[in-house]
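See structure below.
Computed from the coordinates by the stated procedures, all read-outs in this text should not be read as laboratory data. It should be emphasised that the depicted structure is a prediction, and the values quoted were computed from it without experimental measurement. Glycine gets a Cβ as well: all are built from the backbone with ideal geometry, and neighbour counts include every protein chain shown.
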Amino acid sequence: MGNTITSKKLKTIEEAMSLIKSGDRILVSGFGNSGDPKQLVAALSKQPIKDLTIISNDLGSPGIGLGALLTAGMVKKLIGNYYNWNPEVADAFNAGKIDVQLVPQGSFAEAIRAAGVGVAAFYTPTAAGTELAKGKDQREFDGRMYVLQEALKADVALINAEKSDTLGNLVYHKTARNFNPLMAMAADLVIAEVGEIVQAGSFDPECIATPHIFVDVLVKRG
Amino acid sequence: MFQMDEESAKIRIVKRIAREFMEMSSDRDIFVNLGVGTPTMVADYVEGDHVFLQAENGMLGVGPAAEPGKEDPLLINAGRVKVTETVGCAYFDSATSFGMIRGGHIDATVIGAFEVDQEGNVANWIIPNGKQLGVGGAMDLVAGAKKVYIAMPHTNKKGKPKLVPKCTLPVTGYGEVDVVVTEYALFRFKEGRMILEEIAPEITLEELKEVTAAEFVVSATLGTLTE
């Protein structure tokens with residue numbers, strides 16, 4: 001097409017990594033190795049930082065995806081909902097090496113959305129009366145019990161999209177969308193790994209799933 | 001007592017549930033979320049175009065597993081199986097997906113269980129101190145779907161009843177179960193009571209009671225459990 005693509009948000013993966021610090025709370029997108037920012041996570045696992053709180057649906061598989069952060073000893077706490085695909089999580093938790101907070105998947109997704117839209121907490125019927133409601137306020141509305149779920153906010157979000165335009169508008173691919181649009185709203189710094197960057201104006205505005213206001217840094221997948 | 005082999009038992013259970021969905025969808029479209037394992041097999045026996053499968057990772061209109069060589073690694077169901085699209089399929093984010101579930105837009109979910117008790121409580125998410133650490137969408141599905149179907153073997157691997165007076169494992173949802181189908185029986189929960197509506201042709205009511213620790217009422221119109 002001949003046009004020069006310029007973007008104020010485009011950075012190298014090294015520049016992006018320099019923005020992440022020890023002790024950060026980090027949202028990481030993906031579900032079962034679909035829609036996760038694989039290159040950002042691989043680069044993060046080589047950084048000299050620790051004590052991270054990782055907020056994600058799952059933790060990949062042993063040594064794969066987010067599993068690499070646990071293997072590298074960088075994790076202090078996990079907040080998520082499904083670690084059965086990576087038995088190293090249960091091992092580390094049972095050995096007292098990490099803290100794990102399980103949040104039912106729907107409450108987890110909504111809590112991230114809430115953080116992104118300025119809602120501090122909400123009542124959900126999910127988990128009422130169960131072990132996962134322990135320590136949370138429970139009250140009745142219209143004869144049914146509900147649990148207070150607080151928003152899940154983070155310092156950094158690492159997300160993944162199929163394509164971005166030069167402004168940072170994002171489009172996704174099928175079930176790789178999952179938590180990406182939610183996490184894009186819920187962190188102070190949002191870093192998106194994208195497969196392709198096109199000129200602003202190339203996308204049909206009706207098809208943009210994440211408007212560029214939410215995205216701070218773009219890293220092109222290598 | 002009559003013992004059914006595992007595979008035949010699964011097929012009997014999922015065919016019976018598939019028949020429920022075909023009846024429910026006789027005059028309208030219905031939306032169903034299937035859990036991993038045996039529940040997924042329900043889809044193989046649903047005929048017609050009016051039962052739509054939802055996957056909680058963000059897809060409505062889940063088709064059969066992709067053929068080898070034609071998989072899209074990013075197109076998966078909630079059990080990480082690489083699947084295909086049906087005509088009219090749609091994708092959405094996880095909050096919208098669980099909005100469908102929690103908001104009462106999903107007609108039914110089918111899940112397995114470790115235990116179901118006579119009050120309609122279900123335990124299916126964790127065995128404490130084990131190698132598994134996850135809840136996934138189980139609690140949202142039992143709380144949100146209009147009808148909760150349990151597809152499970154009648155007894156556990158040690159031959160002990162899975163239908164119990166009170167769940168001993170951590171509960172997934174209280175009073176949420178609507179229908180339980182095993183290889184031996186179909187029970188429905190109505191007004192706080194567990195009612196036996198269908199019994200397998202190979203066993204007697206006395207035999208069923210021996211492998212069912214939960215208390216149940218026998219329907220006045222007790223039928224035969226058929227596929």
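Details
- Exposure proxy order (Cβ contacts within 10 Å, fewest to most) of B:Tyr91, A:Tyr83, B:Tyr45: B:Tyr45, B:Tyr91, A:Tyr83
- Between A:Ala42 and A:Arg221, the distance separating the two model label sites (each 7 Å from Cα on the Cα→Cβ line) works out to 1.1 nm.
- Residue among A:Pro62, A:Ala95, A:Gly73 farthest towards the positive dipole end of the stretch A:28-103, charges placed on Cβ: A:Gly73
- Calculated FRET value between B:Arg80 and B:Lys158, using beta carbons and R₀ = 35 Å, to 0.05: 0.75
- Under DSSP loop assignment and at most 10 Cβ neighbours within 10 Å, longest trypsin sites (Lys or Arg not before Pro)-free interval of chain B: B:71-156
- Relative to the longest principal axis of the Cα atoms of chain B, helix B:6-24 runs at roughly 70 degrees.
- Percent of beta bridges antiparallel (DSSP, the protein assembly as shown, rounded to nearest 5): 40 percent
- Whichever lysines have a C-alpha closer than 23 Å to that of A:Lys136, once near sequence neighbours (fewer than 8 apart) are set aside: A:Lys76, A:Lys77, A:Lys153
- Within the stretch B:142-159: backbone nitrogen closer than 18 Å to the B:Lys131 label point (7 Å, Cα to C-beta): B:157
- The label-point distance for A:Asp51 and A:Asp188, in a model that sets each label 7 Å from Cα toward Cβ, rounds to 1.5 nm.
- Fewest-first sequence of A:Met17, B:Met1 by Cβ atoms within 10 Å of each Cβ: B:Met1, A:Met17
- Counted by Cβ distance under 14 Å from A:Leu44, the other residues give a net charge of -2, where Lys and Arg count +1 and Asp and Glu count -1.
- Residue-count net charge about B:Gln3 - beta-carbon cut-off 15 Å; Lys, Arg +1, Asp, Glu -1: -2
- Computed with the Debye formula from one identical point scatterer per Cα of the stretch A:73-202, without solvent, the log10 of I(q)/I(0) at q = 0.17 Å⁻¹ comes to -1.02.
- GNM flexibility winner over chain A from A:Ile55, A:Ile159, A:Ile13 (Cα, springs under 10 Å): A:Ile13
- The alpha-carbon of B:Lys157 sits under 28 angstrom from the alpha-carbons of these lysines, leaving out residues fewer than 8 places away in its chain: B:Lys10, B:Lys15, B:Lys131, B:Lys147, B:Lys166, B:Lys209.
- Pairwise FRET efficiency - A:Thr6 versus B:Ser8, Cβ, R0 = 45 Å, nearest 0.05: 0.10
- Average Cα contact separation per residue, chain B, under 8 Å, 6 or more apart, as relative contact order %: 19 percent
- Put in line by how crowded their Cβ is, counting other Cβ atoms within 10 Å and starting with the fewest, B:Val142, A:Val190, A:Val217 read A:Val217, A:Val190, B:Val142.
- Note on the stretch B:6-224: antiparallel DSSP beta bridges, both residues inside, total approximately 50 percent of the bridges counted.
- Cross-link reach is defined here as a Cα-Cα straight distance under 16 Å, omitting same-chain residues fewer than 8 places apart; for A:Lys8 the aspartates and glutamates meeting it are A:Asp165, A:Glu193, A:Glu196, A:Asp216.
- Compactness of the protein assembly as shown, expressed as Rg and Dmax over alpha-carbon positions, Å: 23.1, 81
- Summing +1 for each Lys or Arg and -1 for each Asp or Glu among the other residues whose beta-carbon sits under 14 angstrom from that of B:His154 gives 0.
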